[in-house]
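Single-structure report; data block below.
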Amino acid sequence: MVERYSLYHVKTLCYNDVQGVLEWLGGPGGNFTFTHTEDTVQVLNRFIGLHNLNKVVVMGIDEDPVVEGKDHIVVHTKRKSVPTIRNCTSDSIILFLVVKCNAIAPYTQELYTLIRDAHNIVKNTHTSLFPKFETCPVQQLEVATSQQAYPVIDGFLPSSYSTTEPRMPLVAVDSFGRRYEPLECTVSSDTNPWSLYAGISIPTDPTCDIDIEKLVTTPGKVLGRGGFGVAVPINKHQVVKTNLFPEMVNWSLPFIDREAVHVMERALVSLQEFMWRIDERRIVPMVELDTLRGLEHLRSKAIQHRDFTFRNVLVCHQPNRKPVPFTFKISDFGTACNFTTPDQPRGNHTNMAPEVLWCWTSSTGSDIFSWFCVMWELHSGFPLFPFKKGKLGYCRKTYAESLSNLLGVYSPENTDSFELEYMKAINARVLHAKYKDSRPTVHRIQANLDRMGAN
């Protein structure tokens, strides 16, 4: 419901906490009274009618919400049948605010001017923009490790985990052909490998009086929203990303009005839109350099991003940088982790590494694969692996076929895994039968990439 209707979860109360709901709605007041034996929903509906609160709606968890023209939504989960012992503490009232999110981010004239001026600089520069980069010799693969029948993954085992004990693999190669080769974390022993802020001093009292609820419900203030958070500006250079479910996280820093938030630098635009607006591919080496530095930093902290794509690279203003005043930064760590995990596919479906597509163990190297796919498309204007089937848009089988055609397939020890629903969805058994005996060498893959790039 939160995803579909752009709602912000304020708090969850016990079903019989009528007073808490009324205080959130701005009451009670005047002559309004109620008894503790009255049903919560009946009291709320009576209060709403008495005070003509037309922008408030009370609904059951299974009902389709009427969001149009509303700003407060009260959702109840009361049992339909009365329990033997009348106790409502396990039933809930969930309070939501309707997020006033524009269809597009509110851009400024300053942004348009910056991108226009950068376009003119690149267009009017007839010499090399990056002479050192363009004169670097191409590195040849002198000795390359031949591809194996199973993926060899750099693995990071968790140093600590708040919900389960760290587990060591019992075997070097599991039944699906996944081989574990643990790689020691490169962070020092006195830092916290779970935090991007390891080694960085943070204010001891990062609180302020910003009203997050007011910002997310003010038209034009919301820069954007994702599956778990809403981003709003707090000044010209900073934004706050507040969690849509503030009671479901356990972030330690910082807090604004007891709500977990991230205070971040305000970016100008996403890489995808920036490249469309500037319409100059000659600056791609800047994007390569910045994003590789970012991925190198993440690897030093043993962190996988797991969703590297166009929309998750943001463009920020850096006035003194040449030839154009921008820097490119990796964002959106909603699916990031600092340990290897065989998991459901994460991230963008159009640049998944083979081990991710096939639900095998991923690693920081999987981010480099996604990075290469993004850079390929920036240079060529076309995706490295075709993924569309006619007019249907993204097709998982088409992407899996394109990936297997270039890189080959892995051979699981137990072919029964091909009967899993996900494996059927990517046509795994057919792909394995087609490509299992023609797994290309690294040099052959490079030659194919060279040919594709030339075309």
(message) Residues that are touching a residue at least 40 places away in the same chain (Cβ under 8 Å) and touching a Ser or Thr at 6+ places or on another chain (Cβ under 7 Å): does segment 378-387 have at least one?
(response) no
(request) Specify the residue that is modelled with the highest pLDDT; the eligible residues are those in segment 292-315 that are surrounded by fewer than 22 Cβ atoms within 10 Å (Cβ to Cβ) and in contact with a helix residue (DSSP H, G or I) (Cβ under 6 Å, 6 or more places away or on another chain). (result) Leu295
(request) Could you tell me whether Trp360 is closer than 21 Å to Val442 by Cα, modelled with pLDDT under 90 and aromatic (Phe, Trp, Tyr)? (result) yes
(message) Could you check segment 397-416 and list, in sequence order, the residues that are out of contact with any Gly (no Cβ under 8 Å at 6 or more places or on another chain) and more than 14 Å from Leu357 (Cβ to Cβ)?
(response) Asn414, Thr415, Asp416
(request) Determine whether segment 433-443 contains at least one residue that is in contact (Cβ under 8 Å) with a residue 60 or more places away in the chain and either charged (D, E, K, R) or touching a strand residue (DSSP E or B) at 6+ places or on another chain (Cβ under 8 Å) (or both). (result) yes
(request) Please go through segment 370-388 and pick out each residue that is crowded, with 17+ Cβ neighbours inside 10 Å and in contact with a strand residue (DSSP E or B) (Cβ under 8 Å, 6 or more places away or on another chain). (result) Val374, Phe387
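Can you tell me which of Asp416, Asp367, Asp437 is among the acidic types (Asp, Glu), surrounded by fewer than 13 Cβ atoms within 10 Å (Cβ to Cβ) and part of a helix (DSSP H, G or I)?
Details: Asp367 fails: surrounded by fewer than 13 Cβ atoms within 10 Å (Cβ to Cβ); Asp437 fails: part of a helix (DSSP H, G or I).
Answer to the selection: Asp416.
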(message) What's the number of the only condition in (1) touching a helix residue (DSSP H, G or I) at 6+ places or on another chain (Cβ under 6 Å); (2) part of a strand (DSSP E or B); (3) at pLDDT below 80 that Pro345 fails to meet?
(response) (2)
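The values are calculated or read from the model by the stated rules, or taken from the named source; none is laboratory data. Nothing here was measured: the structure is a model prediction, and the numbers come from that model. Cβ: placed from backbone, ideal geometry, glycine included. Neighbour counts: every protein chain shown.
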